[in-house]
Amino acid sequence: MAFGDQPAYLRVAGDLRQKIVAGELPPHTRLPSQARIREQYGVSDTVALEARKVLMAEGLVEGRSGSGTYVREQPVPRTLVRTGYRPAGESTPFRQEQADSRVKGTWESRSEQVPADAAVARRLRIATGDRTMRTDYVFRAQGEPVMLSTSWEPLSVTGRTPVMLPEEGPLAGRGVVERMAAIDLVVDNVAEEVGARPGLAEEVLALGGVPGHCVVVVTRTYFAGGCPVETAEIVTLADRYRVAYHLPVK
């Protein structure tokens with residue numbers, strides 16, 4: 001489709017987007033009203049409404065109840081560093097996800113025994129319905145939520161051991177490598193997949209984002225001797241983080 005053949009609402013959204021990016025409509029500025037857009041661009045109310053919807057879906061503007069639609073302040077993306085696993089004792093779970101050692105990270109967690117669904121069972125190479133220890137995390141930096149993580153460990157591996165609960169016991173809060181070493185399992189490989197999808201409402205709300213925003217999802221699985229011992233999904237807002245891989249050359 002040639003540019004001139006674009007639907008009118010995309011042309012209007014494109015022009016408004018350019019003004020936002022160029023700073024002609026700076027953060028916290030009220031977006032022109034639907035009536036103003038209609039008059040300025042010579043389009044219908046429907047086109048003006050659809051153009052505003054595009055900008056909202058892109059996260060460039062946000063609606064404020066009873067006030068109107070305003071240009072959002074765009075966060076400066078931070079780096080989410082991926083380096084495979086870290087040696088035992090080197091870092092906490094939060095530190096494993098951060099590029100800046102000065103970041104003061106805290107996290108909240110909750111663990112419970114749950115049956116593995118089909119996707120988790122496939123990644124852990126266990127049967128659907130087998131028991132796992134699921135742990136949900138909310139990670140914060142300077143008090144602000146920055147990422148969510150959910151991990152699953154097969155209870156056939158960790159059950160009735162001192163590391164069955166990741167955040168309790170003598171190795172509470174340590175990484176997977178160190179915890180598994182405590183039960184004589186040597187983590188020797190980690191696999192990750194990175195993707196993006198629309199954020200679930202509860203995810204976006206927990207991360208302080210705007211409904212409809214996309215999230216980056218890092219799916220990670222640790223292996224010991226070829227057997228999966230932990231799998232996890234790390235979720236963060238796509239407009240706040242860039243995933244960077246630092247991998248050793250062998």
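Taking residues in the range 2-24 that are open to solvent by 60 Å² or more (accessible area, probe 1.4 Å), and partners anywhere that are modelled with pLDDT of 90 or more and assigned to a helix (DSSP H, G or I), the pairs with Cβ atoms closer than 6 Å and at least 6 places apart or on different chains are Y9/V47; Y9/E50; Y9/A51. Return yes or no: is T69 assigned to a strand (DSSP E or B), open to solvent by less than 30 Å² (accessible area, probe 1.4 Å) and in contact (Cβ under 8 Å) with a residue 12 or more places away in the chain? Spelling it out, T69 is indeed assigned to a strand (DSSP E or B), open to solvent by less than 30 Å² (accessible area, probe 1.4 Å) and in contact (Cβ under 8 Å) with a residue 12 or more places away in the chain. Go through the residues of the range 195-204 one by one and say whether even a single one is touching a residue at least 60 places away in the same chain (Cβ under 8 Å) and open to solvent by 10 Å² or more (accessible area, probe 1.4 Å). No: zero hits.
Taking the numbered list (1) surrounded by fewer than 20 Cβ atoms within 10 Å (Cβ to Cβ); (2) in contact with a Lys or Arg (Cβ under 7 Å, 6 or more places away or on another chain) in turn, R110 passes all entries but (2). Scanning the range 115-159 for residues that are exposed (fewer than 13 other Cβ atoms within 10 Å of the Cβ), in contact with a strand residue (DSSP E or B) (Cβ under 6 Å, 6 or more places away or on another chain) and of a type in the set (V, I, T) yields a total of 0. Taking each residue of the range 168-179 that is part of a helix (DSSP H, G or I) and looking for partners that are of a type in the set (S, T, Y) and at pLDDT below 90 with beta-carbon atoms closer than 6 Å, six or more apart or interchain, yields V177/Y85. Out of everything in the range 205-218 that is without any contact (Cβ under 8 Å) to a residue 40 or more places away in the chain and closer than 15 Å to V54 by Cα, what residue ends up being surrounded by the most Cβ atoms within 10 Å (Cβ to Cβ)? Checking each candidate, the answer is C214. Annotation note: of E153, E178, the sole residue that is farther than 19 Å from V218 by Cβ and of a type in the set (D, E, K, R) is E178. Return the residues of the range 1-57 that are more than 15 Å from G68 (Cα to Cα), part of a helix (DSSP H, G or I), modelled with pLDDT of 90 or more and charged (D, E, K, R); say none if nothing qualifies. R11, D15, R17, K19, R38, E39, D45, E50, listed by residue number. If only one of R110, R140, R122, R160 is under 16 Å from V229 (Cα atoms) and not in a loop (DSSP other than H, G, I, E, B), which one is it? Answer to the selection: R122.
The values are calculated or read from the model by the stated rules, or taken from the named source; none is laboratory data. If you're wondering where the values come from, they're calculated on a predicted model, not measured in any experiment. Here Cβ is always computed from backbone atoms with ideal geometry, including for glycine, and neighbour counts include all displayed protein chains. Surface areas here come from the heavy atoms of the whole protein model, side chains and all, with no ligands, DNA or RNA. Shrake-Rupley method; radii C 1.70, N 1.55, O 1.52, S 1.80 Å.
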